[in-house]
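The values are calculated or read from the model by the stated rules, or taken from the named source; none is laboratory data. Model, not experiment: these values are computed from the prediction. Every residue, glycine as well, gets a Cβ built from its backbone with ideal geometry; the counts of neighbours run over all protein chains shown.
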Amino acid sequence: MNRKAEGTKIDHPHHQGPVFAYCPRCGAGLSARRLRDHEPERLVCDACRFIFFQNPKVAACAIPRVDGKIVLLRRGIEPSYGKWVYPGGFADVGEQMEEAARRETREEVNLDVTITGLVGVYSYPGYPVVIIVYKAEGNGDRPSVGDETLEVGLFGPDEIPWDDLAFPSTVQALRDYFSRREDG
(Lines give C-alpha, C1' and ligand atoms only; values in the text may rest on other atoms or scores of the structure.)
Protein backbone atom coordinates (compact mmCIF):
# COMPACT_ATOMS: atom_id res chain seq x y z
CA MET A 1 0.00 0.00 0.00
CA ASN A 2 1.37 3.40 -0.97
CA ARG A 3 0.91 5.63 2.08
CA LYS A 4 2.79 8.51 0.44
CA ALA A 5 0.04 9.12 -2.12
CA GLU A 6 -2.71 8.88 0.50
CA GLY A 7 -1.17 11.63 2.59
CA THR A 8 -0.44 13.98 -0.30
CA LYS A 9 -1.55 17.49 0.51
CA ILE A 10 -3.75 19.07 -2.13
CA ASP A 11 -2.35 22.59 -2.30
CA HIS A 12 -2.55 23.74 -5.91
CA PRO A 13 -4.62 26.97 -6.29
CA HIS A 14 -6.70 25.22 -8.99
CA HIS A 15 -8.08 22.91 -6.30
CA GLN A 16 -8.56 25.34 -3.45
CA GLY A 17 -11.69 27.01 -4.79
CA PRO A 18 -12.29 30.68 -5.48
CA VAL A 19 -12.33 33.35 -2.78
CA PHE A 20 -15.37 35.61 -2.97
CA ALA A 21 -15.42 39.06 -1.37
CA TYR A 22 -18.51 40.74 -2.85
CA CYS A 23 -22.21 39.95 -2.96
CA PRO A 24 -23.42 38.78 -6.41
CA ARG A 25 -26.77 40.51 -5.79
CA CYS A 26 -25.86 44.01 -4.56
CA GLY A 27 -22.04 44.24 -4.66
CA ALA A 28 -21.56 44.89 -0.94
CA GLY A 29 -18.94 43.00 1.06
CA LEU A 30 -19.35 39.39 2.20
CA SER A 31 -18.48 38.24 5.71
CA ALA A 32 -18.05 34.70 7.00
CA ARG A 33 -20.67 33.94 9.66
CA ARG A 34 -21.88 30.86 11.45
CA LEU A 35 -25.66 30.96 11.05
CA ARG A 36 -26.34 27.74 12.96
CA ASP A 37 -24.13 25.96 15.49
CA HIS A 38 -24.13 22.67 13.55
CA GLU A 39 -23.24 24.21 10.15
CA PRO A 40 -20.00 25.60 8.71
CA GLU A 41 -19.49 29.32 8.30
CA ARG A 42 -21.33 30.81 5.35
CA LEU A 43 -20.62 33.96 3.34
CA VAL A 44 -23.32 36.52 4.12
CA CYS A 45 -23.80 39.92 2.51
CA ASP A 46 -23.19 42.79 4.92
CA ALA A 47 -25.93 44.87 3.26
CA CYS A 48 -28.75 42.70 1.87
CA ARG A 49 -28.10 39.55 3.99
CA PHE A 50 -27.94 37.30 0.91
CA ILE A 51 -26.37 33.96 1.85
CA PHE A 52 -23.74 32.92 -0.69
CA PHE A 53 -23.50 29.13 -0.54
CA GLN A 54 -20.19 27.80 -1.83
CA ASN A 55 -20.85 24.41 -3.37
CA PRO A 56 -18.23 21.93 -4.54
CA LYS A 57 -17.24 21.38 -8.15
CA VAL A 58 -17.82 17.91 -9.56
CA ALA A 59 -15.26 15.98 -11.61
CA ALA A 60 -16.43 13.01 -13.69
CA CYS A 61 -13.82 10.39 -14.53
CA ALA A 62 -13.53 6.99 -16.19
CA ILE A 63 -11.19 4.06 -15.81
CA PRO A 64 -11.41 2.66 -19.33
CA ARG A 65 -10.35 -0.86 -20.17
CA VAL A 66 -8.87 -1.78 -23.55
CA ASP A 67 -7.47 -5.24 -24.36
CA GLY A 68 -7.79 -6.29 -20.71
CA LYS A 69 -5.72 -3.38 -19.41
CA ILE A 70 -6.69 0.03 -18.09
CA VAL A 71 -5.93 3.32 -19.82
CA LEU A 72 -3.95 5.94 -17.92
CA LEU A 73 -2.63 9.23 -19.22
CA ARG A 74 0.28 11.42 -18.22
CA ARG A 75 -1.08 14.91 -17.52
CA GLY A 76 0.05 17.75 -19.76
CA ILE A 77 -1.46 20.47 -17.54
CA GLU A 78 -1.27 21.60 -13.94
CA PRO A 79 -1.99 20.55 -11.32
CA SER A 80 0.18 17.43 -11.24
CA TYR A 81 1.81 18.04 -14.62
CA GLY A 82 3.55 14.86 -15.81
CA LYS A 83 1.79 12.55 -13.35
CA TRP A 84 -0.39 9.57 -14.31
CA VAL A 85 -4.18 9.59 -13.94
CA TYR A 86 -7.27 8.12 -15.58
CA PRO A 87 -9.28 10.43 -17.91
CA GLY A 88 -11.55 12.93 -16.18
CA GLY A 89 -12.38 16.53 -15.54
CA PHE A 90 -14.99 19.00 -14.41
CA ALA A 91 -18.59 18.42 -15.43
CA ASP A 92 -20.51 21.27 -17.02
CA VAL A 93 -23.69 22.63 -15.42
CA GLY A 94 -26.60 20.40 -16.44
CA GLU A 95 -24.36 17.67 -17.87
CA GLN A 96 -25.13 14.08 -16.90
CA MET A 97 -22.15 12.65 -14.99
CA GLU A 98 -21.76 9.55 -17.19
CA GLU A 99 -21.74 11.76 -20.29
CA ALA A 100 -19.16 14.06 -18.70
CA ALA A 101 -16.92 11.04 -18.04
CA ARG A 102 -17.35 9.87 -21.66
CA ARG A 103 -16.64 13.41 -22.98
CA GLU A 104 -13.50 13.78 -20.87
CA THR A 105 -12.26 10.36 -22.03
CA ARG A 106 -12.76 11.38 -25.69
CA GLU A 107 -10.99 14.72 -25.09
CA GLU A 108 -8.01 13.33 -23.17
CA VAL A 109 -7.30 9.96 -24.83
CA ASN A 110 -9.42 10.02 -28.03
CA LEU A 111 -11.38 6.99 -26.93
CA ASP A 112 -15.13 6.37 -27.06
CA VAL A 113 -16.27 4.30 -24.10
CA THR A 114 -19.31 2.64 -22.62
CA ILE A 115 -19.79 3.25 -18.91
CA THR A 116 -20.20 -0.12 -17.16
CA GLY A 117 -20.49 0.81 -13.49
CA LEU A 118 -19.49 3.08 -10.65
CA VAL A 119 -16.09 2.69 -9.01
CA GLY A 120 -16.71 5.28 -6.30
CA VAL A 121 -17.26 8.85 -5.19
CA TYR A 122 -14.33 10.58 -3.48
CA SER A 123 -14.14 13.76 -1.41
CA TYR A 124 -11.59 15.13 1.02
CA PRO A 125 -11.73 17.66 3.89
CA GLY A 126 -10.94 21.18 2.72
CA TYR A 127 -10.94 20.13 -0.96
CA PRO A 128 -13.68 21.78 -3.07
CA VAL A 129 -14.01 18.97 -5.63
CA VAL A 130 -16.11 15.80 -5.52
CA ILE A 131 -14.67 13.13 -7.81
CA ILE A 132 -17.00 10.54 -9.39
CA VAL A 133 -15.17 7.63 -11.03
CA TYR A 134 -16.77 5.10 -13.40
CA LYS A 135 -15.64 1.80 -14.92
CA ALA A 136 -15.68 1.88 -18.71
CA GLU A 137 -14.97 -0.30 -21.72
CA GLY A 138 -13.29 1.02 -24.84
CA ASN A 139 -15.35 0.71 -28.03
CA GLY A 140 -12.74 -0.72 -30.39
CA ASP A 141 -10.36 2.20 -30.97
CA ARG A 142 -6.86 2.53 -29.55
CA PRO A 143 -6.36 5.41 -27.11
CA SER A 144 -4.08 8.23 -28.22
CA VAL A 145 -2.73 11.52 -26.87
CA GLY A 146 -5.26 14.36 -26.54
CA ASP A 147 -4.76 18.13 -26.13
CA GLU A 148 -3.95 18.05 -22.40
CA THR A 149 -2.10 14.72 -22.45
CA LEU A 150 1.64 13.99 -22.71
CA GLU A 151 1.42 10.21 -23.02
CA VAL A 152 -1.13 7.39 -22.92
CA GLY A 153 -0.46 3.90 -21.62
CA LEU A 154 -2.21 0.58 -21.05
CA PHE A 155 -1.54 -0.97 -17.65
CA GLY A 156 -2.29 -4.27 -15.98
CA PRO A 157 -2.74 -4.46 -12.18
CA ASP A 158 0.97 -5.17 -11.64
CA GLU A 159 2.11 -2.38 -13.97
CA ILE A 160 0.43 0.66 -12.36
CA PRO A 161 2.97 3.48 -11.67
CA TRP A 162 1.78 3.79 -8.04
CA ASP A 163 4.54 6.22 -7.01
CA ASP A 164 3.84 8.53 -9.96
CA LEU A 165 0.04 8.98 -9.73
CA ALA A 166 -1.49 12.46 -9.82
CA PHE A 167 -3.89 12.70 -6.88
CA PRO A 168 -5.00 10.87 -3.73
CA SER A 169 -8.28 10.08 -5.50
CA THR A 170 -6.32 8.45 -8.34
CA VAL A 171 -4.69 6.05 -5.90
CA GLN A 172 -7.90 5.36 -4.00
CA ALA A 173 -10.07 4.79 -7.09
CA LEU A 174 -7.52 2.47 -8.73
CA ARG A 175 -7.28 0.42 -5.53
CA ASP A 176 -11.06 0.23 -5.39
CA TYR A 177 -11.26 -0.68 -9.09
CA PHE A 178 -8.80 -3.57 -8.78
CA SER A 179 -10.20 -4.82 -5.48
CA ARG A 180 -13.74 -5.06 -6.95
CA ARG A 181 -12.97 -6.51 -10.38
CA GLU A 182 -15.31 -9.35 -11.24
CA ASP A 183 -13.17 -10.80 -14.03
CA GLY A 184 -10.10 -11.47 -11.89
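Just to be sure, is A166 out of contact with any Cys (no Cβ under 6 Å at 6 or more places or on another chain), under 11 Å from L73 (Cα atoms) and assigned by TED's automatic domain parsing to the domain that holds G120?
For A166, the condition - out of contact with any Cys (no Cβ under 6 Å at 6 or more places or on another chain), under 11 Å from L73 (Cα atoms) and assigned by TED's automatic domain parsing to the domain that holds G120 - is met.
State the number of residues belonging to segment 136-149 that are assigned to a loop (DSSP other than H, G, I, E, B) and either at negative phi or in contact (Cβ under 8 Å) with a residue 60 or more places away in the chain (or both).
Residues meeting the conditions: 9.
Starting from residues that are surrounded by 15 or more Cβ atoms within 10 Å (Cβ to Cβ) and in contact with a Ser or Thr (Cβ under 9 Å, 6 or more places away or on another chain), keep the ones in segment 108-117 and report whichever is nearest to A136 (Cα to Cα).
That would be V113.
Any idea which residue in segment 1-25 is modelled with the lowest pLDDT, counting only those that are among the hydrophobic types (A, V, I, L, M, F, W, C) and surrounded by 12 or more Cβ atoms within 10 Å (Cβ to Cβ)?
Only one residue fits best here, namely A5.
Being without any contact (Cβ under 8 Å) to a residue 24 or more places away in the chain and of a type outside the set (A, V, I, L, M, F, W, C) is the filter; apply it to segment 44-71 and report the residue that is surrounded by the fewest Cβ atoms within 10 Å (Cβ to Cβ). Can you show your working first?
Taking segment 44-71 as the starting set, the residues that turn out to be without any contact (Cβ under 8 Å) to a residue 24 or more places away in the chain are 44-46, 49, 51, 53, 55.
Restricting the remaining residues to those that are of a type outside the set (A, V, I, L, M, F, W, C) gives 46, 49, 55.
Details: D46: 14, R49: 12, N55: 8.
The qualifying residue surrounded by the fewest Cβ atoms within 10 Å (Cβ to Cβ) is N55.
Kindly indicate which of V133, V152 is in contact with a Leu (Cβ under 6 Å, 6 or more places away or on another chain) and not in a helix (DSSP H, G or I).
Only one candidate passes the filter, namely V152.
I'd like to know if segment 143-153 contains one or more residues that are more than 18 Å from E78 (Cα to Cα), among the polar types (S, T, N, Q), exposed (fewer than 15 other Cβ atoms within 10 Å of the Cβ) and in the same structural domain as K69 (by TED's automatic domain parsing). Lay out the reasoning, then the answer.
The first filter runs over segment 143-153 and keeps only residues more than 18 Å from E78 (Cα to Cα), leaving 143-144, 153.
With among the polar types (S, T, N, Q) added as a condition, the list becomes 144.
After this cut, where a residue has to be exposed (fewer than 15 other Cβ atoms within 10 Å of the Cβ) as well, the list is 144.
Then keep just the ones that are in the same structural domain as K69 (by TED's automatic domain parsing); that gives 144.
Checked against the condition, which is being more than 18 Å from E78 (Cα to Cα), among the polar types (S, T, N, Q), exposed (fewer than 15 other Cβ atoms within 10 Å of the Cβ) and in the same structural domain as K69 (by TED's automatic domain parsing), segment 143-153 yields at least one hit.
Which of the numbered conditions does V121 fail, given that it passes all the others? Conditions: (1) more than 12 Å from the chain's Cα centre (by Cα); (2) at pLDDT 95 or above.
Among (1) more than 12 Å from the chain's Cα centre (by Cα); (2) at pLDDT 95 or above, the lone unmet condition for V121 is (1).
Would you tally the residues in segment 80-92 being farther than 14 Å from N110 by Cα and either in contact with a Pro (Cβ under 8 Å, 6 or more places away or on another chain) or at pLDDT below 95 (or both)?
Adding up the residues that qualify gives 1.
Could you tell me whether R103 is crowded, with 17+ Cβ neighbours inside 10 Å, within 17 Å of the chain's Cα centre (by Cα) and not aliphatic (A, V, I, L, M)?
Details: crowded, with 17+ Cβ neighbours inside 10 Å: yes; within 17 Å of the chain's Cα centre (by Cα): yes; not aliphatic (A, V, I, L, M): yes.
Answer is yes for this residue.
Within segment 114-132, is there a residue that is within 16 Å of L73 (Cα to Cα) and in contact (Cβ under 8 Å) with a residue 12 or more places away in the chain?
The answer is no, given that none of the residues of segment 114-132 is within 16 Å of L73 (Cα to Cα) and in contact (Cβ under 8 Å) with a residue 12 or more places away in the chain.
For A166, all conditions in the list (1) surrounded by 15 or more Cβ atoms within 10 Å (Cβ to Cβ); (2) out of contact with any Phe, Trp or Tyr (no Cβ under 7 Å at 6 or more places or on another chain) hold save one; what is the number of the exception?
If we test A166 against (1) surrounded by 15 or more Cβ atoms within 10 Å (Cβ to Cβ); (2) out of contact with any Phe, Trp or Tyr (no Cβ under 7 Å at 6 or more places or on another chain), just (2) comes out false.
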